[in-house]
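Worksheet: one structure, shown below.
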Amino acid sequence: MKIVKTIAEVRQQVKEWKSQGLTVGLVPTMGYLHEGHASLIDASHRDNDRTVVSDFVNPMQFGPTEDLESYPRDLEHDAKLVEAHGGDLIFNPEPSEMYHEGFSSFVDMTVLTQELCGLSRPVHFRGVCTVVSKLFNIVQPDRAYFGKKDAQQLAVIRHMVDDLNMDLEIIGCPIVRESDGLAKSSRNTYLNEAERKAALILSKSIRLGQDMVKKGEKDCSKIIEAMKSLITSEPLARIDYVKIVDCATMQQIPALDRPALCAIAVFIGKTRLIDNFFTEDV
C-alpha cells in the first residue's frame, strides 16, 4: 500500500493498473477513518482489482464559521486502516495541490442542494461537487463508494454523474453504527462524555420515525413532530433540521406517497451530527 501526495503520481499508478486490464475503485474521504469508511474500502476491495482512498480535508466545503482547522486528522492511523482493509493507494494531497493559485472553476447544482444540509450549509455542496469531480477526473475510477449516512451527498453525486455523463458507477453503502446505535462519524471525537451519551437521541429519534412508518403513518408532519419532540427532550440537543424529502429531488413532501428520505441534523453542544433513514428500507 502506497501513500502519494501528487496528482501526477496517482495518474501514473492508475495508468499502470489500467494498462494491465485492472479495475479501479475510489473511496473519497476526508480522513480520520473509522469503521464506516472501512466498510466502503471493503466494498471496493470486493468489487475491484485495485482501490484508491483519497484522504483530503477539503477546505472548499467548509463555511467560514465551520470546523476546518479543528477537523481531526491522523494519516498514520488512516494508513493502517486502509492497508488492513485491502486498499492499495492513499492519495493525500495538500490543498495547494488540489487548488492551485488562481483556481476559479467550480461544479455547482440546483434543486437537490436547496434543502437539508444544502440549506443550512450554503457553500457545502459546491465544495463537494467540485472536489469529487476533480477526484473522478484524477483517478478515473470504474466505481466510487459513498456512505448512505450522507444521503443528500450521495444523491447529489449520483445526479452530478448523470448530468455530466461521467463514466463510472456510484455505489451507496449502509450506515455503520456504534453498538449503542450512534452513527459512526469523525466528528464523534468532538463529544465529551455527557455529549456522547446525549448524542444517542439522534438514533433514538430515527428508530421512532421508522416505527411510525412501519405502523402505517403516512403524514410527514406527524412523524416530524414526534421526532422533534423526542430530540428536544434532550437538554444538550439543538435541532438544525428534521425533514422528510423526496428521494429523487430532495424536496420536502407532505405525505409518504413515494420513496422518501427522513433526514436529521442536530447539534450536540457545538458538534453537528446527522442521521437518516429511507422509508423504503423500513
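The values are calculated or read from the model by the stated rules, or taken from the named source; none is laboratory data. Quantities reported herein were computed from a predicted structural model and do not represent experimental measurements. Quick reminder, even Gly has a Cβ in these numbers, built from the backbone with ideal geometry, and neighbours come from all protein chains shown. Please note that ligands, DNA and RNA were not included when accessible areas were found on the heavy atoms of the full protein model with its side chains. Shrake-Rupley method; radii C 1.70, N 1.55, O 1.52, S 1.80 Å.
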query: Is it true that some residue in segment 36-45 is open to solvent by 10 Å² or more (accessible area, probe 1.4 Å), in contact with a Ser or Thr (Cβ under 9 Å, 6 or more places away or on another chain), not polar (S, T, N, Q) and not in a helix (DSSP H, G or I)?
result: no
task: Tell me, yes or no, whether segment 123-133 has at least one residue that is under 30 Å from Gln252 (Cβ atoms), out of contact with any helix residue (DSSP H, G or I) (no Cβ under 6 Å at 6 or more places or on another chain), open to solvent by less than 40 Å² (accessible area, probe 1.4 Å) and not β-branched (Val, Ile, Thr).
output: yes
statement: Residues in segment 154-205 that are open to solvent by 60 Å² or more (accessible area, probe 1.4 Å) and under 28 Å from Asp108 (Cβ atoms) total 8
Any hit, segment 111-129, residues being under 21 Å from Leu164 (Cβ atoms), touching a residue at least 24 places away in the same chain (Cβ under 8 Å), assigned to a helix (DSSP H, G or I) and touching a Cys at 6+ places or on another chain (Cβ under 8 Å): yes
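Every residue, every condition in (1) outside any strand (DSSP E or B); (2) of a type outside the set (A, V, I, L, M, F, W, C); (3) modelled with pLDDT of 95 or more; (4) surrounded by fewer than 18 Cβ atoms within 10 Å (Cβ to Cβ), yes or no:
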| site | (1), (2), (3), (4) |
| --- | --- |
| Arg207 | yes, yes, yes, yes |
| Asp211 | yes, yes, yes, yes |
| Ala226 | yes, no, yes, yes |
| Ala263 | no, no, yes, no |
| Arg272 | no, yes, yes, no |
query: Looking at Asp55, is it open to solvent by 20 Å² or more (accessible area, probe 1.4 Å) and either over 16 Å from Glu9 (Cβ atoms) or of a type outside the set (Phe, Trp, Tyr) (or both)?
result: no
- request: Inspect segment 101-120 for any residue being exposed (fewer than 15 other Cβ atoms within 10 Å of the Cβ) and in contact with a strand residue (DSSP E or B) (Cβ under 7 Å, 6 or more places away or on another chain) and give the result as yes or no.
  value: yes
task: Look through segment 206-248, keep the residues that are in contact (Cβ under 8 Å) with a residue 40 or more places away in the chain and basic (Lys, Arg), and return whichever of them is nearest to Asn192 (Cα to Cα).
output: Lys243
